[in-house]
1. Of Cys297, Cys63, Cys119, which is the most mobile in a GNM of the chain whose springs link Cα atoms less than 10 angstrom apart?
2. Using 7 Å Cα-to-Cβ label points, what is the Asp20/Val167 separation (nm, one decimal)?
3. With the chain treated as a Gaussian network of Cα nodes joined by springs under 10 Å, which of Tyr177, Tyr113, Tyr272 yields the largest mean-square fluctuation?
4. Viscosity 0.890 mPa s, temperature 25 °C: give me the Stokes-Einstein translational D for the range 114-205 in µm²/s, with Rh taken as the Kirkwood radius over C-alpha pairs.
5. Hey, got the Cα dimensions of the range 229-305 along the principal axes, in Å, largest first?
6. Between Glu311 and His292, what is the label-to-label distance in nm when each label sits 7 Å out along the Cα-to-Cβ direction?
7. Take the Cα gyration tensor of the range 52-226, multiply each eigenvalue by 5, square-root it, and list the three semi-axes largest first, rounded to whole angstrom.
8. Probe of 1.4 angstrom, ligands and nucleic acids ignored: what's the accessible area per residue over the chain, in square angstrom?
Amino acid sequence: MEPEKAFAEKLTRRGVSRRDFMKYCTALTATMGLSAAYVPKVAEVLAATAQRPPVIWLHFAECTGCSEALLRTQYPYVDDLILEVLSVEYHETIMAAAGQQAEDQLHQAVKKYDGQFICVVEGAIATKFNGGYGKIGGRPFLQIAKDVCTKAAAVICMGSCSAFGGVQAAAPNPGGYKGVGDALGIKTLNIPGCPPNPVNFVGTVVNYLLLGKLPDLDDLGRPLFAYGKTIHDQCPRRSHFENDEFVEEFGSEEAAMGYCLYKMGCRGPETYNNCPVAKFNNGTSWPIEAGHPCIGCSQPDFWDEMTPFFEEL
Ligand code: FSX
Ligand code: SF4
Ligand code: F3S
């Protein structure tokens with residue numbers, strides 16, 4: 001069967017119309033900062049069936065919210081596709097194997113794809129006491145990460161825990177938890193957020209497949225297409241005190257300002273992420289739209305730096 005036809009049938013089996021799929025591709029292309037001319041190319045990348053880069057997906061100390069965010073979006077089948085576009089060789093949450101069988105699978109995959117695989121990591125790594133504060137199958141996260149990440153072609157940290165340490169690394173941090181880059185002394189591509197937006201992971205992978213390179217990064221290793229601006233700079237609530245029409249509608253500048261969540265502790269002015277534009281659950285909403293101040297979840301050490309939450313800075 002032609003690949004195009006096979007793909008269309010696969011979508012139909014999952015109850016996805018071609019129109020829905022193209023809508024997703026259009027939103028993804030915009031999120032990646034590419035012009036609309038790239039939409040058909042992005043669709044092609046997702047539809048292609050050629051041999052794809054092998055991926056080894058590791059879990060360390062975290063809540064698995066990052067995998068959940070990717071697998072349980074409103075249109076899980078679309079984000080699911082990325083797991084088919086990639087050749088996922090190991091992923092504890094979704095693989096059938098367990099125990100020794102899973103361990104064997106990991107070792108075989110690392111050996112087979114040495115130097116070629118993309119390693120995606122969720123969760124932070126304990127570094128004190130030889131990594132004694134966090135183990136899988138009796139082996140410290142630190143040891144596993146050293147064995148696996150150092151053999152990868154690229155390491156993508158999914159979520160604030162693997163990127164910067166997250167809640168495990170919050171004071172007093174007895175286990176000496178760190179993000180993967182810090183723990184191993186390597187450069188990683190970071191997609192922080194607690195959880196991160198799956199579209200930013202998909203965008204990073206599609207960028208790699210489409211343009212043959214990883215996207216441009218900021219000095220914290222975050223793709224600029226997603227983390228190039230602050231929440232505040234893109235926030236619709238900001239328009240209420242900067243737009244004369246709204247000020248008039250609210251009666252005074254002060255009243256219009258009340259619509260902003262700054263006084264409830266919003267950390268939007270110090271937080272770099274694309275939540276106002278990308279939103280979550282396929283564009284349904286995002287924290288500030290739902291009435292909750294941004295807590296700065298994509299910034300390093302936000303559990304220490306951005307707390308106490310709900311208090312004005
Ligand atoms: Fe951390 Fe992810 Fe927060 Fe949870 O895997 S970024 S605690 S949403 O799950 O690592
Ligand atoms: Fe800025 Fe937060 Fe107010 Fe939005 S709600 S304008 S991000 S301070
Ligand atoms: Fe996180 Fe703030 Fe977005 S809390 S999800 S970066 S609005």
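The values are calculated or read from the model by the stated rules, or taken from the named source; none is laboratory data. Please read all numbers here as calculations on a predicted model, not as lab measurements. Using ideal geometry, Cβ is built from the backbone for each residue, glycine included, and neighbour counts are taken over all protein chains shown. We work out accessible area using only protein heavy atoms, side chains counted, and drop any ligands, DNA or RNA first. Shrake-Rupley method; radii C 1.70, N 1.55, O 1.52, S 1.80 Å.
1. Between Cys297, Cys63, Cys119, it is Cys63 that shows the largest mean-square fluctuation.
2. Here the modelled spin labels are 3.2 nm apart.
3. Tyr113
4. On the way: Rh = 13.1 Å.
After rounding, the answer is 187 µm²/s.
5. So the three principal-axis extents are 38, 29, 20 Å.
6. 2.1
7. Working: eigenvalues 104, 74, 49 Å².
So the three semi-axes of the range 52-226 are 23, 19, 16 Å.
8. Working: 15050 Å² over 313 residues.
I get 48 Å² per residue for the chain.
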